1. Pick from Gly107, Gly60, Gly167: which is most flexible by mean-square fluctuation in a GNM of the chain where alpha carbon atoms under 10 Å apart are linked?
2. Heavy atoms only, probe 1.4 Å: what % of the accessible area of segment 120-229 goes to carbon and sulfur, would you let me know?
3. Sequence-distant or interchain residues sharing an amide H contact under 5 Å with Asp141, placed H: which?
4. Using the heavy atoms of the protein chains and a 1.4 angstrom probe, tell me the accessible area per residue for segment 67-201 in square angstrom.
5. Give me the extension gain from Leu150 to Leu124: residue separation times 0.36 nm, minus the current Cα-Cα distance, reported in nm with one decimal.
6. What FRET efficiency do you get for Phe84 and Lys43 if R0 is 22 Å and r is their Cβ-Cβ distance, rounded to the nearest 0.05?
7. Please report the projected area of the chain's Cα convex hull averaged over all directions, in nm².
8. Work out how much length Lys27 to Asp64 would gain on full extension: take 0.36 nm times their residue separation and subtract the Cα-Cα distance, in nm to one decimal.
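The values are calculated or read from the model by the stated rules, or taken from the named source; none is laboratory data. No experiment lies behind these values; they were computed from the predicted model shown. Cβ coordinates were reconstructed from backbone atoms using ideal geometry, including for glycine residues, and neighbour counts include every protein chain displayed. Protein only, heavy atoms only, side chains kept; ligands, DNA and RNA dropped before computing areas. Shrake-Rupley method; radii C 1.70, N 1.55, O 1.52, S 1.80 Å.
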Amino acid sequence: MNAISKPNMSLADAIDQRRSVRGFLPKPVPESTMRAVFEQAQKAPSNCNTQPWEVVVASGALRDSLCKQFVDRAMTGIPSEPDFSYVNKFDGPYRIRQVECASALYGEMEIARDDKAGRNRAALRNFEFFDAPHVAFLCMDRSFGATIALDVGIYAQTLMLAMTAHGISSCAMGSLRSHPDLVREAFGLDENMGVLFGISFGYEDPEVKANKTRTTRVPLNEAVIFKDH
């Protein structure tokens, strides 16, 4: 591992500093750094060490081509056909947190609740990968269910923490599951390989308003129960 690929912060700092970034500079991540980060992510745990994830990363011309295809489908109203089901309705405290997150994000972007055009433009930014120079698609066999998807989630968090430690920003994006056929075609994947979600990554553009968004976490006593008898 050469100097450019060494992490520049501790794990604790990476956990504290990792956040979703929605605006990137055009500067690509050096190949050596990218390989070092994905090599670290390979150490993520999984059930019986099955390592069920398959990850494909688009950069350069392929990234641009996929972006155009995703945007074209969104603009023309072609419905999404994800490989895996998704819960899109939240109730109770989950709905409250969802609304608070959206309010924080749209507030920073100065998009009012009744600004339909503004919200549509913001949604389209997902399919532009927020201008990130790289996008990873996290995949698994379509026969696998939620239990195996948990392993891919553990891999994703390991990957994003490794990115943060190396000074790379990222955004995990469920929207990129919308058109898995485009991903399979671009990478020559088997039809049985399903796309769970994507991660756009690169170097943060500090001038993007959305990047000023900060979210909160519930107190520990609302999320974790400790008992000794």
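1. Its mean-square fluctuation being the largest, the pick is Gly60.
2. Details: 2880 of 5320 Å².
Percent of accessible area from carbon and sulfur atoms in segment 120-229: 54.
3. Residues meeting the criterion, in which the H sits 1.01 Å from N, are Gly194.
4. On the way: 6830 Å² over 135 residues.
I get 51 Å² per residue for segment 67-201.
5. Values: separation 26, 0.36 × 26 = 9.36 nm, distance 2.78 nm.
Length gained between Leu150 and Leu124: 6.6 nm.
6. Numbers: r = 25 Å, r/R0 = 1.14.
FRET efficiency, Phe84 to Lys43: 0.30.
7. Working: hull surface 60.2 nm².
Projected over every direction and averaged, the Cα hull of the chain covers 15.1 nm².
8. Values: separation 37, 0.36 × 37 = 13.32 nm, distance 1.42 nm.
Net length gain for the segment: 11.9 nm.
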